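Down below is the structure, laid out as structure tokens.
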Ligand code: ADP
Ligand code: MG
């Protein structure tokens, strides 16, 4: 996101091609940050001992209890338990796994200890970001504000555009999805044509993609509508052929008119060509979307979640184009609901876009510790077994998350992770200590993720600092880092940046909280920067070495170390 120059959409699209295309369903996981967290959690598990890996949900009663015959079979197939397993019983419907795996007390398998622990969770899914709660305490005001604006859609009028602001984890996505579900279900109840389209712009982050996704969704809806009408007309045609008098009850005055209409609809259907994920000129995508929405009368609310990411990556063309559509649409009307984590993102918008988009603004303030407690309490009643949490757990999770700008996602992550840690350590209850461990683990996961996604040059700079520290050189200065950096670049055949650029990279690492660089005065020698590592050294080194582009650095290390030896 750094050195992006103004580019044409088409080019962006070509590049976007090799990005991961995330299917629509993934929107349920909320932001990509959620996805990254999940991914991080997975990697975290890989790094740790096998005992720490997520259990196949055998501890989750809802996902098939220990009596599940398939669970028994796989335990039986496991070489570590094979000796103790009575395979025939394993196939029996009412077998008790405890009997199977604990039959032979001496040779306990890898999973035995884990399975015999009393489960802490009743339903862990409820704590995951992908779960949409039915109740959102402390968001009634914001939800009512949205509803008051959007109710026009149910009256066939165009609702004002809405801009929603708030830091991450303040419930914006959850509230918006809740309101959109209510809106759609009410519109079905009263049979008014009102539709909501949700797009996560962190995933769908170019104009081409946003328009293509919208176009294809509406084409799909139009197809369904046309198919319904065609079914009806084909039936009518059959009935009228048998009994021409039937025409009397319809809008058609002849069989030929029915046939014409069928043909017309068939042509419409064929002409609606779905947009490929890449390759068309943007105009064509736009007009395909335009025609698809305008195919019949309806009010459409387009929710653009993480809209700041779209603007950051691709500018405000999409918003400009969407916001001026109403003046050209004949049958339908669209209304935009933008959701942003960045309170200042409208500073980058064209003034026309800014005033159109911000017709109504709703702010989601951070939660305080008491509110976070309520939120956690609601979820934990469903997520955990009765009495699985000691009294301090929820208040502590709430307090930690309140420090993280009142982030409910963080609070839920902490609670879930604390529960998992308790489960893994075979504790009967989740204790305060598990919450503290969870806090450390989440923080380490964050560091790992930041380091993993650094550009290669920054990784080499960071590795230089690590090498220095490992050789007992603390509070190093830029010159020392630069010397090692140069040496490493030579060893692995990387471009060597100037010392000035390296200084910039160090400042970036400082801003990311990976190193700490303080300016110290050296008397008449002027001022210099003293750099120290602010993250755990071994974990960070391991992440750096896992990058294939840096793989060779391990062999280069001895050369560098030699410098210190003599
Ligand atoms: P945002 O979109 O503002 O970053 P989300 O809506 O994704 O935040 O919320 C983050 C997590 O916290 C989600 O799992 C969501 O279900 C939960 N959450 C947020 N606010 C509430 C609330 N008021 N009640 C219950 N859960 C909430
Ligand atoms: Mg969100």
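The values are calculated or read from the model by the stated rules, or taken from the named source; none is laboratory data. None of these values were measured; they are calculated from a predicted model. When we count neighbours, we look across all protein chains shown, and the Cβ atoms used for this are built from the backbone with ideal geometry, even at glycine.
In table form, for the structure just shown:
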{"quantity": "Entirely in the range 432-507, the helices (runs of 4 or more DSSP H) that have 2 or more residues that are under 16 Å from residue 531 (Cβ atoms)", "calculated": "456-470, 478-492"}
{"quantity": "Test: residue in the range 423-441 that is crowded, with 24+ Cβ neighbours inside 10 Å, within 23 Å of the chain's Cα centre (by Cα) and either more than 16 Å from ligand 2 (Cβ to nearest atom) or modelled with pLDDT under 95 (or both)", "calculated": "yes"}
{"quantity": "Qualifying position, being touching a helix residue (DSSP H, G or I) at 6+ places or on another chain (Cβ under 8 Å) and on the phi > 0 side of the Ramachandran plot, among 439, 377, 426", "calculated": "426"}
{"quantity": "Cβ-Cβ under 8 Å pairs, at least 6 apart or on other chains, the range 171-185 side over 15 Å from residue 408 (Cα atoms) and touching a residue at least 12 places away in the same chain (Cβ under 8 Å), far side in a helix (DSSP H, G or I) and within 16 Å of ligand 2 (Cβ to nearest atom)", "calculated": "176/146; 178/143; 179/143; 179/146"}
{"quantity": "Filter result for residue 214 (assigned to a helix (DSSP H, G or I), without any contact (Cβ under 8 Å) to a residue 40 or more places away in the chain and more than 16 Å from ligand 1 (Cβ to nearest atom))", "calculated": "no"}
{"quantity": "The range 165-206: number of residues that are within 16 Å of ligand 1 (Cβ to nearest atom), over 30 Å from residue 278 (Cα atoms), in contact with a helix residue (DSSP H, G or I) (Cβ under 6 Å, 6 or more places away or on another chain) and not in a loop (DSSP other than H, G, I, E, B)", "calculated": "3"}
{"quantity": "Residue match in the range 448-460 (condition: within 24 Å of residue 166 (Cβ to Cβ) and at pLDDT below 95)", "calculated": "yes"}
{"quantity": "Considering residues of the range 338-350 that are surrounded by fewer than 17 Cβ atoms within 10 Å (Cβ to Cβ) and more than 16 Å from ligand 2 (Cβ to nearest atom) only, the residue nearest to the chain's Cα centre (by Cα)", "calculated": "344"}
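For (1) within 13 Å of ligand 1 (Cβ to nearest atom); (2) closer than 24 Å to residue 183 by Cβ; (3) modelled with pLDDT of 95 or more, each residue gets a yes or a no:
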site	(1), (2), (3)
315	no, no, no
318	no, yes, no
346	no, no, no
355	no, no, no
362	yes, yes, yes
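Rundown of residues vs (1) modelled with pLDDT of 95 or more; (2) in contact with a strand residue (DSSP E or B) (Cβ under 6 Å, 6 or more places away or on another chain); (3) surrounded by fewer than 19 Cβ atoms within 10 Å (Cβ to Cβ); (4) not in a helix (DSSP H, G or I), yes/no style:
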position	(1), (2), (3), (4)
336	yes, yes, no, yes
352	no, no, yes, no
367	yes, no, no, yes
371	yes, no, no, no
381	no, no, yes, no
386	no, no, yes, yes
394	yes, no, no, no
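Matching residues to (1) more than 16 Å from ligand 2 (Cβ to nearest atom); (2) modelled with pLDDT under 50:
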{"residue": "89", "(1), (2)": "yes, yes"}
{"residue": "92", "(1), (2)": "yes, yes"}
{"residue": "95", "(1), (2)": "yes, yes"}
{"residue": "101", "(1), (2)": "yes, yes"}
{"residue": "112", "(1), (2)": "yes, no"}
{"residue": "142", "(1), (2)": "no, no"}
{"residue": "149", "(1), (2)": "yes, no"}
{"residue": "160", "(1), (2)": "yes, no"}
{"residue": "164", "(1), (2)": "no, no"}
